[in-house]
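Trainee: Sending over a structure as structure tokens; questions will come in a sec.
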Amino acid sequence: MPSFRIMTLNLGGGVKNYLGTPETSAEKGALINQLVSKLKPDFLGVQEIAQYTDEDGQLHSMVSQIQQAGHFPSVFYGETLSMKRHMQVKKDLMINAVFNDWWDWSKGNAVFSRYPFCRLSDERYVGHPRNLPLFQPLSYEGTRDTDPRYVILTRLQTTPFPYVMNLHLSTLVGERGKTVWQDVIDAARLTRAQQIQKVIGLVDEHVLQRGLPLILMGDFNALPGEYTLKQMLEEERGFLRLVPSNDAASHTSAGLVDHIFISPAARLKSYSCEVIDDDLAHAVSDHLPVIAEIVLE
């Protein structure tokens with residue numbers, strides 16, 4: 001039976017430093033390269049990955065950097081936020097970008113694979129991942145409340161041709177931190193539930209109802225017991241969350257909010273899962289990688 005080494009990582013903390021001075025960019029880039037080279041995933045889903053185009057038209061991309069470091073032949077970047085579409089004077093990064101003569105800046109999600117991507121409809125042919133919206137605000141106001149949210153949907157051209165989704169769900173200002181409000185916590189959980197309902201709607205007829213293998217990964221911004229995960233995915237739809245063998249939080253303050261799910265559970269023959277909690281991982285981002293070895297029927 002085929003085995004896969006899969007990994008999810010939010011690079012938000014890494015992005016903040018990567019887009020600083022050339023010196024900090026080089027240092028952060030080297031750390032990211034080292035981490036990817038060390039862990040060697042077959043499939044990597046990342047969130048909050050960034051790139052920008054300078055005055056001379058040169059693209060500075062974390063995507064190409066990770067692709068080269070991990071020797072991934074297949075890669076796809078799905079933009080969620082950009083200067084061209086969402087210019088906002090409340091966001092310091094965008095203002096600094098203007099005065100650093102950047103022509104554009106964007107961030108989003110990305111997937112990297114040692115296997116080719118195939119068509120969603122027919123595994124015999126090479127295809128392309130899709131970047132699909134889960135939440136698009138009427139206007140971007142420079143805060144996480146109005147951050148657009150997307151999911152990348154793809155399929156791997158290797159037996160048993162699993163579908164893969166890489167996502168980043170919402171969190172709201174006031175949900176976490178020194179001061180929190182219960183009404184904001186409730187609103188954030190409702191927002192995530194609505195986004196997960198859209199995820200399920202995307203794949204229900206063509207994947208879930210047909211019992212085809214699906215790997216769902218990313219930064220859910222939700223703890224394992226939240227309704228969005230426990231009830232909507234696991235109890236109602238039969239997803240299996242891969243439980244890390246070590247008791248480690250994947251985010252320094254939010255807890256275990258990065259996850260990998262498999263559907264249907266019966267297709268998963270064995271797995272091991274771990275939150276990578278070491279000095280290198282902590283140096284790369286405020287999130288820690290979640291990595292799993294899975295064997296699919």
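Trainee: Could you give every pair whose Cβ atoms fall below 8 Å, whose first residue belongs to the stretch 100-124 and is among the acidic types (Asp, Glu), and whose second residue is part of a loop (DSSP other than H, G, I, E, B), counting only separations of at least 6 or pairs across chains?
Mentor: Close Cβ pairs (under 8 Å, with a partner that is part of a loop (DSSP other than H, G, I, E, B)) amount to Asp101/Asp54; Asp101/Glu55; Glu123/Gln157; Glu123/Phe161.
Trainee: Of Leu156, Leu134, Leu120, which residue is surrounded by 20 or more Cβ atoms within 10 Å (Cβ to Cβ), under 18 Å from Val203 (Cα atoms) and either touching a helix residue (DSSP H, G or I) at 6+ places or on another chain (Cβ under 8 Å) or among the acidic types (Asp, Glu) (or both)?
Mentor: Leu134
Trainee: Let me ask something else. I'd like to verify a number: residues in the stretch 11-45 that are farther than 16 Å from Leu280 by Cβ and modelled with pLDDT of 90 or more, how many?
Mentor: Qualifying residue count for the region: 3.
Trainee: For the stretch 239-259, what are the residues that are surrounded by fewer than 17 Cβ atoms within 10 Å (Cβ to Cβ) and either of a type outside the set (Gly, Ala, Ser) or under 20 Å from Asn166 (Cβ atoms) (or both)?
Mentor: Within the stretch 239-259, Val243, Asn246, Asp247, Thr252 meet the criteria.
Trainee: When the stretch 239-250 is examined, which residues are found to be without any contact (Cβ under 8 Å) to a residue 40 or more places away in the chain and closer than 20 Å to Leu39 by Cα?
Mentor: Once the filter is applied, which keeps residues that are without any contact (Cβ under 8 Å) to a residue 40 or more places away in the chain and closer than 20 Å to Leu39 by Cα, the stretch 239-250 yields Val243, Ser245, Asn246, Asp247, Ala249.
Trainee: State whether the residues of the stretch 264-287 include one that is in contact with a His (Cβ under 6 Å, 6 or more places away or on another chain) and touching a residue at least 60 places away in the same chain (Cβ under 8 Å).
Mentor: The answer is yes; a qualifying residue exists.
Trainee: Suppose we filter Glu293, Glu236, Glu297 for residues that are touching a residue at least 40 places away in the same chain (Cβ under 8 Å), among the acidic types (Asp, Glu) and more than 15 Å from Met7 (Cα to Cα); which single one remains? Talk me through it step by step, then tell me what you get.
Mentor: Details: Glu293 fails: more than 15 Å from Met7 (Cα to Cα); Glu236 fails: touching a residue at least 40 places away in the same chain (Cβ under 8 Å).
On inspection, the qualifying residue turns out to be Glu297.
Trainee: Then there is this: How do the strands (runs of 3 or more DSSP E) wholly within the stretch 34-92 filter down when requiring 1 or more residues that are β-branched (Val, Ile, Thr): which remain?
Mentor: Here the list reads 43-53, 74-82.
Trainee: In addition: Just to be sure before I move on: is Glu236 within 23 Å of Ala110 (Cα to Cα) and surrounded by fewer than 19 Cβ atoms within 10 Å (Cβ to Cβ) in the structure I sent?
Mentor: no
Trainee: Can you tell me which residues in the stretch 172-187 are closer than 23 Å to Met217 by Cβ and either modelled with pLDDT of 95 or more or among the basic types (Lys, Arg) (or both)?
Mentor: Across the stretch 172-187, the qualifying residue is only Arg176.
Trainee: Applying the selection to the stretch 60-109, what residues are out of contact with any helix residue (DSSP H, G or I) (no Cβ under 6 Å at 6 or more places or on another chain) and among the hydroxyl-bearing types (Ser, Thr, Tyr)?
Mentor: Result: Ser61, Ser64, Ser74, Thr80, Ser82, Ser106.
Trainee: Based on this model, can you work out whether Asp204 counts as surrounded by fewer than 17 Cβ atoms within 10 Å (Cβ to Cβ), over 16 Å from the mean Cα position of the chain (by Cα), in a loop (DSSP other than H, G, I, E, B) and charged (D, E, K, R)?
Mentor: no
Trainee: All but one of (1) of a type in the set (A, V, I, L, M); (2) outside any helix (DSSP H, G or I); (3) surrounded by fewer than 22 Cβ atoms within 10 Å (Cβ to Cβ) hold for Ile262, so report the exception by its number.
Mentor: Failed condition: (3).
The values are calculated or read from the model by the stated rules, or taken from the named source; none is laboratory data. Because the structure is predicted, anything quoted here is derived from the model rather than measured. Here the Cβ is made from the backbone with ideal geometry for all residues, glycine too, and neighbour counts use every protein chain on show.
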